[in-house]
Structures are given as structure tokens and as C-alpha cells.
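Below is one structure; the comments refer to it alone.
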Amino acid sequence: MSDGLNDARAMRVAEIMTDFRNLQHYLVQLRAAPTAEEYYLEGYSLLRQCTTDAQAILQAPFGGSSGSGSGDPEQEKHQLRTIITDAAVRRFQCQRAYLLANAGLRWMNSRNSVLRGQKPNAGHLGALQQADATLRNASFLPSITDAYVESTLRSQDAAQGKWLNEDPSLAQIQHILMSRR
């Protein structure tokens, strides 16, 4: 027996996919032009990894079966739930990459403000080490946990009054991601 929520489910798919598209759009626009000497620095490596992750998320196959539009409300319910789960997992992955990319961009901006177009020299060493330490330890990277990523998404959705009843839990998302490895 249909529960009458398929329209809400379809709307939720559209909302999640819009968020996913916006995150992907941001991630593909990341541009950093390190010199050969800077290429392997942690912040630039992080930015490259975020871009690579975004591309991999797009290339991953759909996590469910594609059903035919038979018009059966129960089949539609199952299909929409599957799509919500797959889309939510992808959005979660993109949100994590987005948060990491922001940390990498802050590092890059700190580095650029220290160097001001000059080549690194001994006079810059302390400030550059501080920027590296901020990226690595004291600041943002350690706080980007799965729980934090999920919390940012759920808080944003709740603040916008979105229907979250069938969004997957963090444990479900983690289980799906582990099974894909």
C-alpha cells in the first residue's frame, strides 16, 4: 500500500541533486598553479586530491537498479528511496571534498600573502611553517570528520525546512562507502 509520500521523495531527490551539482561545480573550478618546487606541498596535494575525488564521485556508477516506470506506487517508493540514498552518499562525499578544499584554499591564500609574489626564502620560513601547521594540526583538517560533514549537511537541510525522514543515517552512509572500496 502506497504511503502517499512519493512526491516528497521526488522533491528530496531534486534537492539533494541540486546540492550535489553545486558542490561539484565548486570543486571543478578549483585552480592552483604551484611551481615545480611547490607541487608536492601538502596544501596543493590536498587541492589536487579534492579535484580527483570529485571526478571519481561523478564516474561512480549508480548504486541501485534502474527500474522501469511501471506506475506501481510501491515500486516507485523503493526506487526513490534508493535514489535518495545514492544521491545522499554522493553529496556527503562532495561536501567532505568541499570542506577539505576550503582548508587547502585557506592554506594557499596564507602562503600567497606571506610570499607576496616572491620566491620563498629564509625570511619567509617561520610564517610558511605556521601556515603548514595550521593546515595540518591546529586548525581545520582534524575537525573534518564524517560526523562533522554529516552535521553540516543535516543542519543546513533542517534550517531550510527540508524533508529528511528518509535520508540515510551517518552509519548507513559509512557502510555504503566501505562496501564500495
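Values in this text are rule-based calculations from the coordinates and carry no lab data. Fair warning: this is a prediction, and the values are worked out from it, not measured in the lab. Cβ coordinates were reconstructed from backbone atoms using ideal geometry, including for glycine residues, and neighbour counts include every protein chain displayed.
How much net charge surrounds Phe62 when only the other residues with a Cβ under 13 Å from the Cβ of Phe62 are counted, with Lys and Arg +1 and Asp and Glu -1? Result for the local shell: +1. At most 12 other Cβ atoms within 10 Å plus a DSSP loop assignment makes a site exposed; report the longest stretch of the chain without any exposed chymotrypsin sites (Phe, Trp or Tyr not before Pro). Longest gap between qualifying sites, sites excluded: 63-181. With contacts taken as Cα pairs under 8 Å at a separation of at least 6 residues, the stretch 6-82 carries a relative contact order of 45 percent. Labels on offer are (i) 32, 20, 12; (ii) 56, 19, 11; (iii) 40, 15, 13, and the one holding semi-axes √(5λ) of the Cα gyration tensor in Å computed from this structure is (iii).
FRET efficiency for the pair Asp132 and Arg31, taken as 1/(1 + (r/R0)^6) with r the Cβ-Cβ distance and R0 = 22 Å, rounds to 0.55. Subtracting the Cα-Cα distance of Gln174 and Arg106 from their residue separation scaled by 0.36 nm leaves 21.7 nm. Under a Gaussian network description of the chain, with springs only between Cα atoms under 10 Å, the residue in Thr35, Thr134, Thr82 that fluctuates furthest is Thr35.
Can you compute the FRET efficiency between Tyr148 and Asn22 using 1/(1 + (r/R0)^6), with r the Cβ-Cβ distance and R0 = 22 Å? Round to the nearest 0.05. Efficiency at R0 = 22 Å is approximately 0.70.
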